[in-house]
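Asks: There's a structure below that I have some questions on.
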Amino acid sequence: MLAFLVRRLLTLALTAWLATLVVFAVLEAIPGDPALVMLGTSAQPEAVAALRAQMGLDRPWPVRYAGWVGGMLHGDFGTSLTYARPVAGLVADRLAITLPLAGLALLLSAGIAIPLGLFAAGRQGRAGDWAVMAFGQMGIAVPGFWFAILLILLFSVRLGWFSAGGFPGWEAGAAPALKALLLPAVALALPEAAILARITRTAALDTLREEYVRTAVAKGLPRRVVLRRHVLPNALIPVATILGLQFSFLVAGAVVVENVFTLPGLGRLLYQAIGQHDLIVVQSVVVLLAVTVVAVNALVDIACAAIDPRPRVTA
Amino acid sequence: MPNRQRRAALAVTMGAVLGLAGALAAGPVLAQAAPRTDLVVGMRLEPPHLDPTAGAAAAIDEVTYANLFEPLTRIDAEGKVVPGFAEKWEVSADGLTYTFHLRKGAKFHDGSDADSADVKFSLDRARGAESVNAQKGYFAAIAGVEAPDARTVVVTLSRPDGLFLFHMASGDAAIVAPESAGANKQTPVGTGPFKFERWVAGDRVVLVRNPDYDGPKPALERVTFRFINDPAAQVAALKAGDIDSFPQFDTYEALPQFRDDGAFTVMVGTTEGETILGTNNARKPFDDVRVRRAMAHAIDRKTLIDGVLFGNGAAIGSHFPPHRAGYVDLTGLYPYDPDKAKALLAEAGLPDGFATTLRLPPPIYARRSGELIAAMLAEVGIRVTVEPMEWAPWLEKVFKGKDYDLTLIAHTEPLDIDIYGRPDYYFNYQSERFNAVGAELDRTQDPAKRNALYGEQQRILAEDAVNGFLFMLPSATVQKSAVQGMWVNRPIQANDVTGVRWK
């Protein structure tokens, strides 16, 4: 197990370093002078030059790369060019929205998908199963942003129950903040739930074919009890793996959903930073996301290895 | 976890989520008798920070101008220069000495007195070597700033500058205090009728009424600026009642549905945004005035305005807005005439036309206009490859690098006809004649003479067909019908809410 852990951590470090290299190189290659973007079409050349010097853009790229990576190792992610604030603080502010959003979405999707998947497995081939499968197919096919717009049209414009977007800030109180997150979380959760429901169903069906389940049924246990006590725990392993893999989809989905609902989360920060050519923010956020995705997948691997020792031997 | 506990935990979590949803959905029901004293203003872009003296982003002024910060002079809703931090001023006969008399009771939001030392500090800071003021050129003519007493400031210029008072009315010339200037980006401290309350990054900036303001008190107690970039989200936010007023609403195709809805008012006014088909005058074949004139004849402005702005916008024939004094109507100089255009091209030795590239920045008006213009130019044999670009590469390549044939952009700075006299500007236009008139303008204070000179400059630009002069960007405002006092026109980029009230 220890060797497995070390191998996993080394891969993680290597991936992170590669991510910094790739991100930096790509952004170097894209034309565009951040100082010029900030000052716009009315800018005087000397003002642009002064700003470039102030932002350190006149230094050669190896110096800037080393400064950036070195800073990150010390927890210093640099200073945003547009917001003139430390990136770490900006990211922390945005995570305070994106993490609860993702958490709420994860909770909702698991809360919807796992019971639905089990329900469908228990009624394989019948109307209930068919309905769940149809829901799953639709959830996978409908783009997330479209679904988000439909939610806004219904619950905000038509019924007036929710704001059409925006975020009042946590300092405005937990209830208004959570209210602002609820519709986006639903928009984010449903496509995830659709996929997850299908996977839960398949995993449950696989488990239902196992000998021990047949034994349990033969003993005369009611089917609901069999599903809950024997099928669910075993079906949860593939579901957890998928949940981990879906993390990156959740992040990508958050970028879209945050933009539709104008939620100032990490995804929207990234989107805006790209538009404003705020290289430091883009670099740092992308690397942070890459490392998080890799780390989450590593954690899932480790968790699965802890439950089931077989991958440890083959990995 | 044993299964029973797991089940219980799941049930509790789901129950909590559903309960929360129910509780949140039932919003407060309010019956309001008194007029509201708060206002939510929608804006497309979030300001990067809140210091108008350290950034060119229009969004900074759109939040802070006149509301939070005050320059010496101010631009009013009609575009005129009116008193700001200075209540009156005198200009010497030679146009070189400006004496400003400051308001007596002015205070900064932190309670400190605002006086001539602050003005001297602000102007010296803006023109200093370390300055990152985006409009440093506005201060270039200043030779010295004196503060003979607490309420008087004397500014001496090294050369006459006919636009000095106009430029001193810009957000870039806002009066700031030495103690607070460094922190204005995050916690702005000005002298205006509103003061900064909070900023929810990425979402909103909140200003509240300044109880100690020495001038007329605004009717609003609280103003929230909310930033919504996505067109569909803007429409939804207005319809859902989240936004009270959305100036510079550029989803023009949505205007009819708001006009038809009695709960909303739509106002369409003017801006300073001359939209042009930017032309690289140094490149072949655009160095030939006949080619540029041919293009001018090939463009049908009416179709362009209908197609891009859904009819909301005025055609221009030179780089000057129709609503400004000194405007000369030159839209008839090159009437839409494809045959004339073809003849001019043939005369220039291009009977079969030519191939060229049109580089378009991201704004929607640019993308839409670009497609239409490419089609119009194709009619006369000019084969245009449209190349959409992101903002940063556009600035780098087209604006700074002058590496382009044609481009399309609105120039939104007020009274910016002087850009045609800048030696290194991206049009690559050079005209001794134009520059001579410009020098005359700088020496002239008399409004009537200035207007005549502006007219002359417009004629020169139109005759030379420097760029394709297309239309003025309109300023559409969509708001709840009970909101009164928002500016209809945009003489400068500002959301001055000091005179806004609810019916």
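The values are calculated or read from the model by the stated rules, or taken from the named source; none is laboratory data. All values reported here derive from a predicted model rather than from experimental measurement. Note that we place each Cβ from the backbone using ideal geometry, even for glycine, and neighbour counts take in every protein chain shown. With ligands, DNA and RNA removed, areas are computed over all heavy atoms of the protein, side chains included. Shrake-Rupley method; radii C 1.70, N 1.55, O 1.52, S 1.80 Å.
Asks: When the range B:213-224 is examined, which residues are found to be open to solvent by less than 10 Å² (accessible area, probe 1.4 Å) and assigned to a strand (DSSP E or B)?
Replies: Listed by number, the list holds a single entry, B:Val223.
Asks: Of a type in the set (Phe, Trp, Tyr) and either surrounded by 20 or more Cβ atoms within 10 Å (Cβ to Cβ) or not in a helix (DSSP H, G or I) (or both): is that true of A:Phe145 in this structure?
Replies: When the stated conditions are applied, A:Phe145 does not pass them.
Asks: Working carefully through the options B:Val497, B:Val488, find the one that is farther than 15 Å from B:Pro321 by Cα, open to solvent by 10 Å² or more (accessible area, probe 1.4 Å) and of a type in the set (A, V, I, L, M, F, W, C).
Replies: The unique qualifying residue is B:Val488.
Asks: Go through the range B:417-429 and give me each residue that's closer than 17 Å to B:Tyr454 by Cα and open to solvent by less than 10 Å² (accessible area, probe 1.4 Å).
Replies: B:Ile417, B:Ile419, B:Tyr420
Asks: Of these, A:Leu227, A:Leu178, A:Leu269, which one is of a type outside the set (Phe, Trp, Tyr), modelled with pLDDT of 85 or more and either buried (at least 20 other Cβ atoms within 10 Å of the Cβ) or touching a strand residue (DSSP E or B) at 6+ places or on another chain (Cβ under 7 Å) (or both)?
Replies: The conditions single out A:Leu269.
Asks: Enumerate the pairs (first residue in the range B:225-241 and in contact (Cβ under 8 Å) with a residue 40 or more places away in the chain and part of a strand (DSSP E or B); second residue anywhere and surrounded by 22 or more Cβ atoms within 10 Å (Cβ to Cβ) and among the small types (Gly, Ala, Ser)) with beta-carbon separation below 7 Å, excluding pairs fewer than 6 apart on the same chain, so at least 6 apart or on different chains.
Replies: Correct list of pairs: B:Arg226/A:Gly166; B:Arg226/B:Gly42.
Asks: Name the residues in the range B:295-318 that are assigned to a helix (DSSP H, G or I), touching a strand residue (DSSP E or B) at 6+ places or on another chain (Cβ under 9 Å) and farther than 22 Å from B:Lys402 by Cβ, would you?
Replies: Once the filter is applied, which keeps residues that are assigned to a helix (DSSP H, G or I), touching a strand residue (DSSP E or B) at 6+ places or on another chain (Cβ under 9 Å) and farther than 22 Å from B:Lys402 by Cβ, the range B:295-318 yields B:Ala298, B:Arg301, B:Lys302, B:Leu304, B:Ile305, B:Val308, B:Leu309.
Asks: Let me ask something else. Restrict the check to the range A:57-79 and report whether at least one residue is modelled with pLDDT under 85, open to solvent by less than 50 Å² (accessible area, probe 1.4 Å) and either within 23 Å of B:Met389 (Cβ to Cβ) or over 32 Å from the mean Cα position of the chain (by Cα) (or both).
Replies: Scanning the range A:57-79 turns up at least one residue that is modelled with pLDDT under 85, open to solvent by less than 50 Å² (accessible area, probe 1.4 Å) and either within 23 Å of B:Met389 (Cβ to Cβ) or over 32 Å from the mean Cα position of the chain (by Cα) (or both).
Asks: Looking only at the range B:182-200, count how many residues are surrounded by fewer than 20 Cβ atoms within 10 Å (Cβ to Cβ) and out of contact with any helix residue (DSSP H, G or I) (no Cβ under 7 Å at 6 or more places or on another chain).
Replies: 6
Asks: Follow-up question, since we're still on this one. Quick one: is B:Phe249 outside any helix (DSSP H, G or I) and modelled with pLDDT of 95 or more?
Replies: No; evaluated as a whole, the condition is false for this residue.
Asks: Let me ask something additional. Kindly indicate whether A:Pro143 is assigned by TED's automatic domain parsing to the domain that holds A:Leu104, in contact with a Gly (Cβ under 6 Å, 6 or more places away or on another chain) and closer than 29 Å to A:Ala121 by Cβ.
Replies: No: the conditions fail for A:Pro143.
Asks: Can we say A:Gln276 is under 30 Å from A:Phe77 (Cα atoms) and modelled with pLDDT of 80 or more?
Replies: Judged against the criteria, A:Gln276 is not a match.
Asks: With the range B:352-420 as the region, which strands (runs of 3 or more DSSP E) entirely inside it contain at least 3 residues that are within 12 Å of chain A (Cβ to nearest Cβ) and within 20 Å of the chain's Cα centre (by Cα)?
Replies: Strands (runs of 3 or more DSSP E) meeting the threshold: B:406-411.
Asks: So, restricting to helices (runs of 4 or more DSSP H) that lie completely within the range A:163-264, which ones have at least 3 residues that are within 30 Å of B:Asp203 (Cβ to Cβ) and within 12 Å of chain B (Cβ to nearest Cβ)?
Replies: It comes to A:174-208, A:232-260.
Asks: In the list B:Asp118, B:Asp124, B:Asp94, which residue meets the criterion of being farther than 30 Å from A:Met55 by Cα, not assigned by the TED database to the domain that holds B:Val483 and not in a strand (DSSP E or B)?
Replies: From the options B:Asp118, B:Asp124, B:Asp94, the qualifying one is B:Asp94.
Asks: Among the residues of the range B:132-148, how many are surrounded by 18 or more Cβ atoms within 10 Å (Cβ to Cβ) and either within 26 Å of A:Leu36 (Cβ to Cβ) or within 14 Å of chain A (Cβ to nearest Cβ) (or both)?
Replies: Number satisfying all stated conditions: 10.
Asks: Scanning for something away from chain B (no Cβ under 13 Å) and touching a residue at least 12 places away in the same chain (Cβ under 8 Å), does the range A:110-117 turn up at least one residue?
Replies: Within the range A:110-117, one or more residues are away from chain B (no Cβ under 13 Å) and touching a residue at least 12 places away in the same chain (Cβ under 8 Å).
Asks: If we scan the range A:37-50, do we find a residue that is more than 9 Å from every other protein chain (Cβ to nearest Cβ) and surrounded by fewer than 22 Cβ atoms within 10 Å (Cβ to Cβ)?
Replies: There is at least one residue in the range A:37-50 that is more than 9 Å from every other protein chain (Cβ to nearest Cβ) and surrounded by fewer than 22 Cβ atoms within 10 Å (Cβ to Cβ).
Asks: Hey, any hits in the range B:104-116 for a residue that's within 14 Å of chain A (Cβ to nearest Cβ) and open to solvent by 50 Å² or more (accessible area, probe 1.4 Å)?
Replies: No; the residues of the range B:104-116 include none that is within 14 Å of chain A (Cβ to nearest Cβ) and open to solvent by 50 Å² or more (accessible area, probe 1.4 Å).
Asks: Where the second residue is part of a loop (DSSP other than H, G, I, E, B) and at pLDDT below 95 and the first is among the charged types (D, E, K, R) and lies in the range B:413-436, which pairs have Cβ atoms under 6 Å and are six or more apart or on separate chains?
Replies: Taking only residues 6 or more apart or on different chains, the pairs are B:Glu413/A:Ser42.
Asks: Being open to solvent by 30 Å² or more (accessible area, probe 1.4 Å) and at pLDDT 85 or above is the requirement here; does A:Leu159 meet it?
Replies: It is true that A:Leu159 is open to solvent by 30 Å² or more (accessible area, probe 1.4 Å) and at pLDDT 85 or above.
Asks: Just checking, how many residues over the range B:434-466 are of a type outside the set (Gly, Ala, Ser), part of a helix (DSSP H, G or I) and within 24 Å of B:Leu165 (Cβ to Cβ)?
Replies: Residues flagged as of a type outside the set (Gly, Ala, Ser), part of a helix (DSSP H, G or I) and within 24 Å of B:Leu165 (Cβ to Cβ) within the range B:434-466 amount to 16.
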